[in-house]
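S.K.: If you scroll down you'll find the structure; I have some questions about it.
The values are calculated or read from the model by the stated rules, or taken from the named source; none is laboratory data. Predicted model, so just to flag it, every value in this text is computed and none were measured. When we count neighbours, we look across all protein chains shown, and the Cβ atoms used for this are built from the backbone with ideal geometry, even at glycine.
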Amino acid sequence: MVKKLRVISLVVVMFAFMLSACGNSNTQNENGNDSANNNKNEDTIELGQEELSLPYVSWASTVASVNVVKAVLEDVGYEINAQQVEAGAMFSGLASGSGDFSVGAVTLPNTHADYWDEFGDQIDDIGVTMEESVTMGLTVPSYVNIDSIEDMAENKNNIGDNTDWTIVGIDPGAGEMKITENDVMPGYGLDEWTLQSSSGPAMTAALKRAIESKEPVIVTLWEPHWAFIEWDLKYLEDPENYYGEPDSIHAVAREKLKEDAPAAYKILEQFQWESEDMGEVMSMIHNGMDPEKAGEKWVNDNQDKVETWTEGVK
C-alpha cells in the first residue's frame, strides 16, 4: 500500500512539473514574440503622408533620377505625382511648400548657386545622391575644329560664321544657362554671339541634326548625359574656369517633410548611386523606353542597391 502511494505521489509531482514547464515555455514564447514585435515596430519607419508631389525639370539626367526614385517610393506604398516644371518654379515651389521633394536637378555648389542663395534657407538639403560627378560646358562634336571658348571670340576657322554666331542652349532658368550668359560670354568677349534658349530635348535634337549633316554646332551640355554615350563630343576648354569644378547632385525637400513623410525622407537620405547607374536609365529612355518603365526596370534589376535605400522602411 505504501509503495502504491509513493508511485501515485511521484506521478503527481511529474505531472505538476510538466505543467509548470509548459507554462514557462508559453510565457517565454509570448514574451519573445512581444519582444520581436516591439523591435520590429521600433525599426520600421511609418509612411506618414502618402501622397507626395515631385517637381522636376526635363533634363535627361533628372528624368532618370526621378523615375527611379518614383518607382522605389511607390513600391513601399507612396503615391508620387511627378510634375514637370521650370528650374525656378521647382526651387520656389519647394521653398513655399507646394512641392514636397526633388531629386536629380539640384547641383551644387556651382550650377545652382544663384537659386540656392535665394531659396536655400527655406529648403531642406537632404544630402548628396551623386558626389562630384556633374561637369558642364560649351560642347561641340569632335570634328569641329576649335578647342577652346577663346577660339569662339577669335572666330577661329570661321566658327561664328558657320554657326550663325549662335550657342544652342536649354531652358532659360537652368543654372548652366545663367553661368553661360552672365559669366562665360562677357568673360571671353563673346559679344557677337547669341545664347539661344530652348529645352534639353530641343538642344539634343539640334545637336543630332548637325552631327548627321557634319555641320558645326555649339551647345550647352553636361555630364552625365546620354549624348556623350551616343556621339563623339568634346567640351571646349574653359581656361578661366567659369564653369567651375565638378558639382554634386543633391536630394532636397520642403521643410517638415521629415516629420510628415518619415519613410520617404529616410529613403531619400539613403539614396545614392553612380553616374554609370544613371547612364543605364538614360540610355533606356533615349532608345525609346517609356521613362516610368525604364525606372521600374532598373529598380527590378538592381534590388541589392535598392535594399540599401529602403533599409528600415516597409
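S.K.: Considering only residues that are crowded, with 16+ Cβ neighbours inside 10 Å and over 25 Å from residue 89 (Cβ atoms), which ones fall in the range 290-301?
M.R.: Residues satisfying the conditions are 296, 297, 298, 299.
S.K.: In addition: How about the range 56-110: which of its residues are of a type in the set (Lys, Arg) and farther than 22 Å from residue 280 by Cβ?
M.R.: Answer for the range 56-110, where residues must be of a type in the set (Lys, Arg) and farther than 22 Å from residue 280 by Cβ: there is none.
S.K.: Could you tell me whether any residue of the range 245-258 is buried (at least 19 other Cβ atoms within 10 Å of the Cβ) and in a helix (DSSP H, G or I)? Explain how you work it out, then say what you get.
M.R.: At the first step, the residues of the range 245-258 found to be buried (at least 19 other Cβ atoms within 10 Å of the Cβ) are 247, 249-254, 257.
From the residues that got through so far, the ones that are in a helix (DSSP H, G or I) too are 257.
Within the range 245-258, one or more residues are buried (at least 19 other Cβ atoms within 10 Å of the Cβ) and in a helix (DSSP H, G or I).
S.K.: Need pairs with beta-carbon distance below 6 Å; first residue in contact (Cβ under 8 Å) with a residue 24 or more places away in the chain and farther than 18 Å from residue 149 by Cα and within the range 207-235, second assigned to a loop (DSSP other than H, G, I, E, B) and polar (S, T, N, Q); sequence gap 6+ or separate chains.
M.R.: 232/142
S.K.: Now for a separate question. State whether one or more residues within the range 106-125 are surrounded by 18 or more Cβ atoms within 10 Å (Cβ to Cβ), in contact with a Pro (Cβ under 6 Å, 6 or more places away or on another chain) and part of a helix (DSSP H, G or I).
M.R.: No, the range 106-125 contains no residue that is surrounded by 18 or more Cβ atoms within 10 Å (Cβ to Cβ), in contact with a Pro (Cβ under 6 Å, 6 or more places away or on another chain) and part of a helix (DSSP H, G or I).
S.K.: For the range 75-94, which residues satisfy the criterion of being hydroxyl-bearing (Ser, Thr, Tyr) and touching a Leu at 6+ places or on another chain (Cβ under 9 Å)? Let's see the steps before the verdict.
M.R.: Narrowing the range 75-94 to residues hydroxyl-bearing (Ser, Thr, Tyr): 78, 92.
If the condition is that a residue be hydroxyl-bearing (Ser, Thr, Tyr) and touching a Leu at 6+ places or on another chain (Cβ under 9 Å), then 78 is the only one that fits.
S.K.: Answer yes or no as to whether residue 252 is within 25 Å of residue 153 (Cβ to Cβ) and in contact (Cβ under 8 Å) with a residue 12 or more places away in the chain.
M.R.: So residue 252 fails the test.
S.K.: Going by the structure shown, is residue 210 in the same structural domain as residue 157 (by TED's automatic domain parsing), closer than 11 Å to residue 170 by Cα and either in a loop (DSSP other than H, G, I, E, B) or among the small types (Gly, Ala, Ser) (or both)?
M.R.: Taking the combined requirement at face value, the residue does not satisfy it.
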